[in-house]
Amino acid sequence: MLTFSSLPSTNTWALEHAGDLQHGDVVWARSQTAGRGRLDRSWVAPAGTNLTVSVVLHDAALTPLAANLGQLAACAVVDTLTEVGIKAALKWPNDVMAADGKLGGLLVEQSGRDGLFVLGIGLNVNVTLAELTAAGLDRPVTSMRDLTGRTFDLEEVLRILLRNLGERIEAVRSKGLGLLWEMWGRNDWLSGRRVRVTGPARAVEGTYVGLDRDGRLRIRTDAGLEEVLWTGDVSIMAR
Ligand code: BTN
């Protein structure tokens, strides 16, 4: 484990040092000054409160699963939360939700080297709702502390998370994605909701149907057509 008191971004650092890092290496910063999220958003975590880590994956067998690594890691985060008594759910493409707020997110980036991925995990652990509100975020968020009234040992949560991540990767490698989608279906935050998915080129509205066997989002439009999407940002619409 490479532990830093502060980095701009663990993902950026891991990508810059990818040539020196090995499969399974973990980069943990107790504080990030320029944390990055999906879709060029920033990721806010007050110093010392939350988990901001990147895990290096370097394994050619994972290349065909590139599009699913964030989903796999989101499942490992939900496993971890379940272990500490928090009921969380999965929101496509790879967000972790609880009580209508975002609890965690994943940012998977590929370095130039074949089969080398940086899996960035942000999990709101001990941040307070007041701190999150002060950060002026534009979407509802929550934290493990906010949900339970307890504070958590960051190292302990990370230890459980890394174990679950290892187990999930091993299960997908040996048995394929089926079990992952089974779990997703049982913990799907979008289940039955009307959604708007904004993609790079256009937006699609309709009823969320679930994931297909490759982890793409299925949506039934009001015209009765089913669309299948690889990327996008999902917002919930009034029913
Ligand atoms: C998202 O939901 O938009 C993804 C958030 C990912 C945040 C993590 S924190 C550790 C790693 N380093 C970063 O700069 N981002 C990821």
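Just so it is clear, none of the values below were taken in a lab; they were calculated from the coordinates. In this text the structure is predicted, and so the values were computed from the model without any measurement. Glycine gets a Cβ as well: all are built from the backbone with ideal geometry, and neighbour counts include every protein chain shown.
Among the residues of the stretch 32-48, not a single one is of a type in the set (Lys, Arg), loosely packed, with under 14 Cβ neighbours inside 10 Å and closer than 27 Å to ARG194 by Cβ. Which residues, counting only those in the stretch 34-58, are assigned to a loop (DSSP other than H, G, I, E, B) and either in contact with a His (Cβ under 6 Å, 6 or more places away or on another chain) or within 6 Å of the ligand (Cβ to nearest atom) (or both)? If the condition is that a residue be assigned to a loop (DSSP other than H, G, I, E, B) and either in contact with a His (Cβ under 6 Å, 6 or more places away or on another chain) or within 6 Å of the ligand (Cβ to nearest atom) (or both), then GLY35, GLY37, ARG41, TRP43 are the ones that fit. Just need a number here: residues in the stretch 1-33 that are assigned to a loop (DSSP other than H, G, I, E, B) and within 13 Å of the ligand (Cβ to nearest atom). Looking only at that region, the number is 6.
Can you work out which of the residues in the stretch 211-237 that are among the basic types (Lys, Arg) and more than 16 Å from the chain's Cα centre (by Cα) is surrounded by the fewest Cβ atoms within 10 Å (Cβ to Cβ)? So that I can check it myself, show each step before the final result.
First, pick out the residues of the stretch 211-237 that are among the basic types (Lys, Arg): 213, 216, 218, 220.
With more than 16 Å from the chain's Cα centre (by Cα) added as a condition, the list becomes 213, 218, 220.
Values: ARG213: 9, ARG218: 16, ARG220: 13.
Top of the filtered list is ARG213.
What strands (runs of 3 or more DSSP E) lie completely within the stretch 95-210 and have 2 or more residues being surrounded by fewer than 20 Cβ atoms within 10 Å (Cβ to Cβ) and within 16 Å of the ligand (Cβ to nearest atom)?
Hits in the stretch 95-210: 101-110.
When the stretch 166-224 is filtered for residues that are under 24 Å from ILE86 (Cα atoms), acidic (Asp, Glu) and touching a residue at least 12 places away in the same chain (Cβ under 8 Å), the ones remaining, listed by number, are GLU167, ASP188.
Among the residues making up the stretch 59-94, those that are buried (at least 18 other Cβ atoms within 10 Å of the Cβ), outside any helix (DSSP H, G or I) and touching a Gly at 6+ places or on another chain (Cβ under 9 Å) are ALA88, TRP92, PRO93, ASN94. The C-beta contact set for the stretch 2-27 (first residue farther than 14 Å from LEU116 by Cβ, second residue more than 13 Å from the ligand (Cβ to nearest atom) and in a loop (DSSP other than H, G, I, E, B), distance under 7 angstrom, 6+ apart or interchain) comprises LEU2/ASP25; VAL26/MET1.
Within the stretch 39-65, residues that are farther than 12 Å from GLN110 by Cα reach partners that are of a type in the set (D, E, K, R) and surrounded by fewer than 12 Cβ atoms within 10 Å (Cβ to Cβ) with beta carbons closer than 7 Å, at six or more positions or on different chains, in the pairs ALA60/ASP114.
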